[in-house]
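To keep things clear, I will list the structure first and then write my remarks on it.
A short reminder: the numbers here are calculations on the coordinates, not readings from a lab. What you see is a predicted model, and the numbers here were worked out from it, not measured in a lab. Note: ideal-geometry Cβ built from the backbone for every residue, glycine included; neighbour counts use all protein chains shown.
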Amino acid sequence: MGKTKFCQGISDISDSYMAFIIDQWGVLHNGERAYDGVIDCLKELKGRKKQIIILSNSGRRASENADKLKEMGIGPSLYDHIVTSGELTWQGLHDQNEGVFENIGTKCFLISRNDDRSIIDGLPEIELVHDIDEADFLLISGSDAPEKNMVDHYEPILKKAIRRRLKAICANPDSRILIGANSALGPGMIARRYEDFGGVVHYIGKPFKPIFQHCVKLLQEKQIYPGETVMIGDTMAHDIVGAAAMNIDTCLVRAGLHLGAFKQAHTPSEVDKVLNVLVLQYHNVRPTYLVNTMVWGRALPDRKHKKRKVTA
């Protein structure tokens, strides 16, 4: 296992790669605005003709994510593709001709955040049912935590689904979401509880291979291969572990989901100790690079996270 290189900015690694796969929340923005330096960094990469894929565990479709990014000043000229777990799920439900989606059925019981139904909008063949006893499958795309908890709200639904032996699709594998300074139950935890009860769950999103394989396929159309690609993300569990499994180099942004772990690390040796602990926690997978924030040159001072919600 090689040593992680500490970088001042993305300019330190830009000449080594033809393609950049970049996570959204915690890397590009905080859910409300782009982080300082991100737009300039993307402009620098595009000016050097780099392929950029924005990759997210968002349960929403790619077009909705594009609209949100545009509101923050990250327009379509700054990237080449947006790939979301919600988009891959929508396409799978639309086609129903391969993998976990083949012959899955038409009647869907949906667990989402704030009754968001966008993941099945435009799918006339999919009927949303409100009684799980009528469902062909269970779709998990979001969580209403902390307002609704696992024991009182979700477990009764999951137990009914188990009795019917329903297949579940999780369109957002995130175990936790950050809302402001607090973390709450993510949709991935609901899916894992279903597995605890004996249910079968198919995960669409990071760190699982299908979503990374989709990115690799897009890049191969440009004759760019995994060895010429780096993943920039803020989560060890999803971004770093998932990309490493595809033999893609990785760059961990320390001022993201793991900000709390790094907050008291001020010297290189202290940062290295924190990083070593994370590596041990996440299957001995070590990021190739570490950067404070996604800026082009020297990292800016630690940013403040206001009302931040992490879904990918």
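On a 0 to 90 degree scale, rounded to 10, what angle separates helix 209-220 from the longest Cα axis of the chain?
The angle comes out at about 50 degrees.
Considering the dipole of the stretch 96-203 built from charges on the beta carbon (Lys and Arg +1, Asp and Glu -1) around the Cα centre, which of Val129, Ile190, Ala171 is farthest to its positive end?
Of the options given, the answer is Ile190.
Dipole of the stretch 141-212, Cα-centred, from +1 at each Lys and Arg C-beta and -1 at each Asp and Glu C-beta, to the nearest 20 debye?
400 debye
Determine the relative contact order of the chain: mean sequence separation of Cα pairs under 8 Å and six or more apart, normalised by residue count, in whole percent.
Once normalised by length, the contact order is 26 percent.
Taking the Cα atoms only, what angle lies between the long axis of helix 38-47 and the longest principal axis of the chain, rounded to 10 degrees?
80 degrees
Nearest 500 deg cm²/dmol is fine: what mean residue ellipticity at 222 nm does the chain get from its DSSP H runs of n ≥ 4 alone, each adding -39,500 (n - 2.57), divided by its residue count?
Details: 9 runs with 84 residues, N = 312.
It comes out at -7500 deg cm²/dmol, rounded to the nearest 500.
Calculate, in whole percent, how much of the Cα-Cα pair population of the stretch 1-127 lies beyond 23 Å. Write out the running numbers ahead of the final one.
Working: 3499 of 8001 pairs.
Summing the P(r) tail past 23 Å for the stretch 1-127 gives 44 percent.
Counting C-alpha atoms alone, how compact is the chain: give Rg to one decimal and Dmax as a whole number, in angstrom.
So, for the chain, Rg and Dmax equal 19.3, 58 Å respectively.
Which shape class, rounded, prolate or oblate, goes with the stretch 198-296 when its Cα gyration tensor gives a ≥ b ≥ c as root eigenvalues, a/c under 1.5 marks rounded, and past that a/b bigger than b/c marks prolate?
oblate
If you take every residue apart from Phe20 with its C-beta less than 15 Å away from the C-beta of Phe20, what net charge results, scoring Lys and Arg +1 and Asp and Glu -1?
-4
Could you go through the stretch 66-80 in sequence order and give the Karplus-derived ³J(HN,Hα) for each residue, using 6.51 cos²θ - 1.76 cosθ + 1.60 with θ = phi - 60°, rounded to whole Hz, and x for Gly and Pro?
Once θ is set to phi - 60°, the couplings for the stretch 66-80 become 4, 4, 5, 5, 4, 4, 8, x, 9, x, x, 6, 9, 8, 9 Hz.
Taking amide H positions as placed 1.01 Å from N in the peptide plane, with prolines and chain starts having none, which residues 5 or more places from Ser58, or on another chain, fall under 5 Å of its amide H?
When sequence neighbours closer than 5 places are left aside, the close amide H contacts are Ser85, Gly86.
Tell me which lysines have Cα within less than 24 Å of Lys209's Cα, excluding those fewer than 8 residues away on the same chain?
Cα-Cα hits under 24 Å: Lys50, Lys167, Lys217, Lys222.
When the Karplus curve 6.51 cos²θ - 1.76 cosθ + 1.60 is applied with θ = phi - 60°, which whole-Hz ³J(HN,Hα) does each residue of the stretch 184-196 get, with x for Gly and Pro?
Values, residue by residue: 9, 4, x, x, x, 6, 5, 5, 5, 5, 5, 5, 4 Hz.
Using only Cα atoms, locate the centre of the stretch 41-95 and the centre of the stretch 4-37, then give the distance between them in Å, rounded to an integer.
14 Å
Check Lys5: other-chain or 5+ apart residues with amide H under 5 Å from its amide H, H built from backbone geometry?
Tyr289, Leu290
Which of the GluC sites (Glu not before Pro) found in the stretch 98-176 are in a DSSP loop and have at most 14 neighbouring Cβ atoms, other than their own, within 10 Å?
Passing sites in the stretch 98-176 are Glu98, Glu102, Glu125, Glu147.
Once amide H atoms are placed 1.01 Å from N in the peptide plane, what residues at a sequence separation of 5 or more from His202, or on another chain, have their amide H within under 5 Å of its amide H?
Ala168, Ile169, Cys170
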